[in-house]
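Step one of this worksheet: look at the structure below.
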Amino acid sequence: MSHTPQTVRLLGIETSCDETSAAVVRGVQHPGGPAGEPSGALEQVTLESLVILSQDVHRLFGGVVPEIASRQHLTGIVPAVDTALREAGVSMADIDAVAVTHAPGLVGALLVGTSYAKGLALAHGKPVVPVHHMEGHLFATLLEHPEAAPPFTALLVSGGHTLLLDVPAWGSYRLLGQTRDDAVGEAFDKVAKLLGLPYPGGRPIEQLAATAESPPHGHPHWFARPMLRKRAVVTDADYYDCSFSGLKTAVLYAVRAAEKDGSLDAQRASIARGFQDAVIETLSEKVYRAAKAHRRGRIVLGGGVACNGALQQALRDRFAARGGTVFAPTPRLSTDNAAMIAAAGLYRFGRGEFAAPGMTATASLPIPGLS
Ligand code: KG4
Ligand code: ZN
């Protein structure tokens, strides 16, 4: 392997849930130490194109229907990849490898992406780089903020995951805390359903909550902050963990009470605000504890819930005094997309981590390098 930095260009493919996405990303790779070992060090990670086909059909069902998702990926994958290559002004000859999400997610949906990636790569004599979807979310911010590189504290909040990580280096992820029941995005979606709001519920709740006052302590819409105790110490089992199912039940009771006296329309915004306040206060405190304990000055957010402006603001306020910087991707890169898969793929490519011919899709798998 040469010791001069190389420009590498990857095609990324993401089909793990309900977005069919393809992207072209380029970066400068430093091929490592004196012995020639790959370091995976990355610079100038640049987005050349990004196509996201969102499957709106699932709104009709109030959640993702796996069989429909797979079929829509099948019809969307070819135009998504062709458009991403065309918009980047490149052909497969200019691509060094195909990065594809192989886990976790809906198996049928993932299989469309992995099968297509393998076929395309084989036809053009390129390697395939398998990428873990959640590692992709960790790399999304780097596409817009080159400073969002390790060491940092990471909060990954999506429809399926809630992970609080310490990241001393790319590829080294220490799991500090996670949810014990529902993922944060799932809680937003379920509460939205209770309130009669559309799916996915995160954005409608944020918009509605912004129209209401913050319910003060003692107000019927002030909900107990889950797993947040004043005198918590780091040795407590719930110091970093979260839980959202109790909060969801508290919201259910508030909705029932409002329905009983016919005041749900008048109280909907206040309930949404009370719910969002409780989620944000819990997450902010957990992230603050993690950053403080590991002396991290950078906080990186990822996943669909990272779009939430109130969450971003609360974290910025919380860290302002400590001088911590909070990085969050724009909504296009927060939710599922292939650019983040290609960016994480660049790192894995630099380490020579290519897929075996038998690579397949896996519904559930820990992030590589998780400890
Ligand atoms: O990362 P993502 O696009 O897909 C998964 O991998 O799950 O995350 C989707 C989740 C949904 O639960 C959605 O309601 C939530 O992200 N979400 C939000 C916001 N925008 C999307 N949650 C809170 N506030 C938002 N603005
Ligand atoms: Zn995701």
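The values are calculated or read from the model by the stated rules, or taken from the named source; none is laboratory data. The model shown is predicted, which means the values in this text are computed figures rather than measured ones. All Cβ positions, even for glycine, are placed from backbone atoms using ideal geometry, and neighbour counts span all protein chains on display.
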> Only one of (1) of a type in the set (S, T, N, Q); (2) more than 16 Å from ligand 1 (Cβ to nearest atom); (3) crowded, with 21+ Cβ neighbours inside 10 Å fails for residue 172. Which number is that?
Replying inline: (3)
>> Being part of a helix (DSSP H, G or I), under 30 Å from residue 210 (Cβ atoms), touching a residue at least 24 places away in the same chain (Cβ under 8 Å) and over 17 Å from the mean Cα position of the chain (by Cα) is true for just one of 314, 339. Which residue is that?
In response: 314
>> Looking only at the range 216-238, filter to residues that are buried (at least 20 other Cβ atoms within 10 Å of the Cβ) and under 30 Å from residue 154 (Cβ atoms); which one of those is modelled with the highest pLDDT?
In response: 223
> Checking residue 184 against (1) at pLDDT below 95; (2) within 15 Å of ligand 1 (Cβ to nearest atom), which test does it fail?
Replying inline: (1)
>> Cβ contacts < 7 Å: first residue closer than 11 Å to residue 158 by Cα, restricted to the range 185-205; second residue more than 16 Å from ligand 2 (Cβ to nearest atom) and assigned to a helix (DSSP H, G or I), any location; separation 6+ or different chain. Result?
In response: 187/247; 187/248; 187/279; 188/205
>> Restricting to the range 321-366, name every residue that is within 16 Å of ligand 1 (Cβ to nearest atom) and either farther than 25 Å from residue 305 by Cβ or surrounded by fewer than 23 Cβ atoms within 10 Å (Cβ to Cβ) (or both).
In response: 330, 331, 332, 362, 363, 364, 365, 366
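Here's the yes/no breakdown for (1) within 16 Å of ligand 2 (Cβ to nearest atom); (2) surrounded by 13 or more Cβ atoms within 10 Å (Cβ to Cβ); (3) of a type in the set (A, V, I, L, M):
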{"position": "166", "(1), (2), (3)": "no, yes, no"}
{"position": "183", "(1), (2), (3)": "yes, yes, yes"}
{"position": "240", "(1), (2), (3)": "no, yes, no"}
{"position": "261", "(1), (2), (3)": "no, no, no"}
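Taking the range 285-311 only, how many residues are away from ligand 1 (no atom under 12 Å from the Cβ) and part of a helix (DSSP H, G or I)?
To start, the set of residues in the range 285-311 that are away from ligand 1 (no atom under 12 Å from the Cβ) comprises 285-300.
If we keep only those that are part of a helix (DSSP H, G or I) too, we end up with 285-293.
Adding up the residues that qualify gives 9.
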> From 281, 213, which residue is under 28 Å from the mean Cα position of the chain (by Cα), modelled with pLDDT of 95 or more and surrounded by fewer than 17 Cβ atoms within 10 Å (Cβ to Cβ)?
Replying inline: 281
>> Which count do you get for residues in the range 116-144 that are within 14 Å of residue 20 (Cα to Cα) and away from ligand 1 (no atom under 13 Å from the Cβ)?
In response: 2
>> All but one of (1) within 16 Å of ligand 1 (Cβ to nearest atom); (2) buried (at least 22 other Cβ atoms within 10 Å of the Cβ) hold for residue 99; state the number of the condition that does not hold.
In response: (1)
>> Against the condition in contact with a Ser or Thr (Cβ under 7 Å, 6 or more places away or on another chain) and closer than 19 Å to residue 128 by Cβ, how does residue 77 come out, does it pass?
In response: yes
>> When you check residue 95 against the structure, is it out of contact with any helix residue (DSSP H, G or I) (no Cβ under 7 Å at 6 or more places or on another chain), farther than 30 Å from residue 287 by Cβ and touching a residue at least 40 places away in the same chain (Cβ under 8 Å), yes or no?
In response: yes
> Conditions: (1) within 12 Å of ligand 1 (Cβ to nearest atom); (2) without any contact (Cβ under 8 Å) to a residue 24 or more places away in the chain. Residue 162 meets all but one. Number of the miss?
Replying inline: (2)
>> Pairs please, first residue from the range 15-30 and assigned by TED's automatic domain parsing to the domain that holds residue 51 and surrounded by 24 or more Cβ atoms within 10 Å (Cβ to Cβ), second anywhere and among the charged types (D, E, K, R) and part of a loop (DSSP other than H, G, I, E, B), Cβ atoms under 7 Å, 6+ apart in sequence or on different chains.
In response: 16/336; 17/336; 21/336
